[in-house]
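This report refers to the structure that appears directly beneath it.
The values are calculated or read from the model by the stated rules, or taken from the named source; none is laboratory data. Just so we're clear, the structure is a prediction, and the values are computed from it rather than from any experiment. Virtual Cβ from ideal backbone geometry, glycine too; neighbours counted across all protein chains shown.
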Amino acid sequence: MAASMSSTGQCRRRLSLLIALSFSITLSLSSPAAGEPGALSAIADGLSAWVVSVKVDRSKDIEIPRSRLPFNGRVSPESQGYFKRPKGSVTGLLVDRRGYILTSNYNLLGTISSITVRLPSGEERKARVVARDRLDDLALIKVEGDADLVEKKSWRDPPWAETSPSAAGSFVFAIGRGSAPGRLNLTEGIISAVGRNSNRAVQTDAKLNYGNVGGPLVDLDGKVVGLSGFVGHTYSQWGLNSGIGFATTAETIRMVLPRLLAGKDIEPPPRPFLGIQSEPASSGNDGAPVVAVVPKSSAASAGVKSKDVIIRFNGEEVPNFNRLRFLIFSCKVGDKVEFVVRRGEKKMTLSGVLGKFPEGR
């Protein structure tokens with residue numbers, strides 16, 4: 001009976017949160033509703049002590065090759081600014097009482113002049129980069145000073161979820177902190193897919209932007225299930241404003257954080273390369289058309305020819321080039337792969353060994 005009552009109470013609490021979801025997206029912790037039982041502001045309030053605002057001043061932003069601009073940068077001059085970020089604040093998560101803060105590595109790309117952290121108290125402190133995890137789009141920074149940022153007796157670790165979501169459908173919230181003191185913002189969504197980035201990230205439809213990326217993704221219990229990231233177009237398998245977002249899982253963070261705290265960078269493995277040029281904008285369901293084959297590549301060695309259409313890759317259907325690219329990135333350099341191409345009226349099964357993605361492509 002007690003277990004049943006507890007379950008009923010949980011259901012009621014979750015229902016009240018979902019009802020509140022219809023009315024509230026952006027929340028102010030200083031509003032009268034903050035902390036009310038069943039209000040979404042209670043979730044944000046529970047993370048307030050760990051979520052910080054980060055201002056990055058840079059003398060030079062990242063540079064992206066023209067070939068990676070939308071439509072090769074041909075559409076309009078605005079395309080050239082596609083990767084340039086606004087100068088507003090981004091978000092970080094305090095993970096250690098000594099002043100170590102996790103954020104998205106994308107937030108810290110370019111030539112940095114200074115980093116300023118605005119703490120939940122409103123105090124501003126300068127910070128420096130300690131280490132980067134380019135595989136998981138994480139970066140660790142530390143506020144200046146040798147003294148603990150939070151007294152040992154007062155410190156509590158962020159409320160990490162014990163396990164990451166194992167299936168799509170869970171409600172989650174992306175939390176960010178703007179430059180105004182005492183103010184958090186929150187956007188709602190669900191976990192729309194799991195197992196992304198070699199099972200190191202989850203996918204969500206919670207609205208992510210340059211401001212809240214680097215902040216926590218939390219569940220209905222206020223537990224941190226991941227850190228929002230991967231919005232930068234430097235990650236060619238992801239993309240800002242694509243209608244989906246990603247977050248490195250809490251389990252992955254627990255695994256890599258000791259290495260980052262020790263000041264050691266984590267580099268991604270080399271990206272696999274098949275060696276075809278296709279139509280990136282193709283969104284149909286009739287395979288990935290081969291426009292050209294890169295000489296001496298895996299595809300060339302396997303016998304792929306221009307005007308072939310790749311329709312299967314390692315046993316999975318290939319409706320378009322975007323899906324093929326995702327399947328290739330899910331492999332490793334040196335993996336033997338098998339794919340089916342349609343050449344005219346014939347279907348052919350070819351195989352090859354994935355090479356390393358060339359620098360500068």
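In region 311-348, of all residues being under 26 Å from residue 135 (Cβ atoms) and of a type in the set (D, E, K, R), the one that is farthest from the chain's Cα centre (by Cα) corresponds to 336.
Does residue 198 satisfy the condition of being more than 21 Å from residue 134 (Cα to Cα), assigned by TED's automatic domain parsing to the domain that holds residue 137, of a type in the set (Ser, Thr, Tyr) and out of contact with any helix residue (DSSP H, G or I) (no Cβ under 7 Å at 6 or more places or on another chain)? Against the criterion (more than 21 Å from residue 134 (Cα to Cα), assigned by TED's automatic domain parsing to the domain that holds residue 137, of a type in the set (Ser, Thr, Tyr) and out of contact with any helix residue (DSSP H, G or I) (no Cβ under 7 Å at 6 or more places or on another chain)), residue 198 does not qualify.
Does any residue of region 296-308 turn out to be surrounded by 17 or more Cβ atoms within 10 Å (Cβ to Cβ), closer than 19 Å to residue 198 by Cβ and among the hydrophobic types (A, V, I, L, M, F, W, C)? No, the conditions are met nowhere in region 296-308.
Picking from residues in region 131-149 that are in contact (Cβ under 8 Å) with a residue 60 or more places away in the chain and in a loop (DSSP other than H, G, I, E, B), the one that is nearest to residue 177 (Cα to Cα) is 137. Number of residues in region 249-269 that are assigned to a loop (DSSP other than H, G, I, E, B) and within 19 Å of the chain's Cα centre (by Cα) equals 4. Go through region 84-130 and tell me which strands (runs of 3 or more DSSP E), entirely inside it, have 3 or more residues that are touching a Cys at 6+ places or on another chain (Cβ under 6 Å), over 30 Å from residue 153 (Cβ atoms) and not assigned by TED's automatic domain parsing to the domain that holds residue 45. Here the list is empty.
Please specify each residue of region 201-232 satisfying the condition of being under 10 Å from the mean Cα position of the chain (by Cα) and part of a loop (DSSP other than H, G, I, E, B). Steps first, answer last, please.
Pass one, region 201-232, residues under 10 Å from the mean Cα position of the chain (by Cα): 201-204, 208, 213-214, 226-232.
Of everything in region 201-232, those that are under 10 Å from the mean Cα position of the chain (by Cα) and part of a loop (DSSP other than H, G, I, E, B) turn out to be 208, 213, 214, 230, 231, 232.
Being in a strand (DSSP E or B) and either of a type in the set (S, T, N, Q) or in contact with a Pro (Cβ under 6 Å, 6 or more places away or on another chain) (or both) is the filter here; which residues of region 46-65 pass it? Can you show your working first?
Just the residues of region 46-65 that are in a strand (DSSP E or B), to begin with: 51-60.
Passing the criteria: 53, 59.
Of the residues screened, residue 124 is not one that is among the acidic types (Asp, Glu), more than 14 Å from residue 104 (Cα to Cα), at pLDDT 90 or above and in contact with a Leu (Cβ under 9 Å, 6 or more places away or on another chain).
Applying the set (1) under 30 Å from residue 93 (Cα atoms); (2) surrounded by fewer than 14 Cβ atoms within 10 Å (Cβ to Cβ); (3) modelled with pLDDT under 95; (4) of a type in the set (Lys, Arg) to residue 254 leaves exactly one unmet item: (3).
Given the criterion of a type in the set (A, V, I, L, M, F, W, C), in contact with a Pro (Cβ under 7 Å, 6 or more places away or on another chain) and at pLDDT below 90, identify the matching residue among 357, 326. Give the derivation first.
Numbers: 326 fails: in contact with a Pro (Cβ under 7 Å, 6 or more places away or on another chain).
Exactly one of 357, 326 is of a type in the set (A, V, I, L, M, F, W, C), in contact with a Pro (Cβ under 7 Å, 6 or more places away or on another chain) and at pLDDT below 90, namely 357.
The requirement of being in a loop (DSSP other than H, G, I, E, B), at positive phi and outside the structural domain of residue 196 (by TED's automatic domain parsing) is not satisfied by residue 305.
Among residues of region 150-174 that are in the same structural domain as residue 223 (by TED's automatic domain parsing) and crowded, with 17+ Cβ neighbours inside 10 Å, those with a Cβ under 6 angstrom from a residue that is among the hydroxyl-bearing types (Ser, Thr, Tyr) and not in a loop (DSSP other than H, G, I, E, B), sequence gap 6+ or separate chain, pair up as 164/249; 172/204; 174/187; 174/228.
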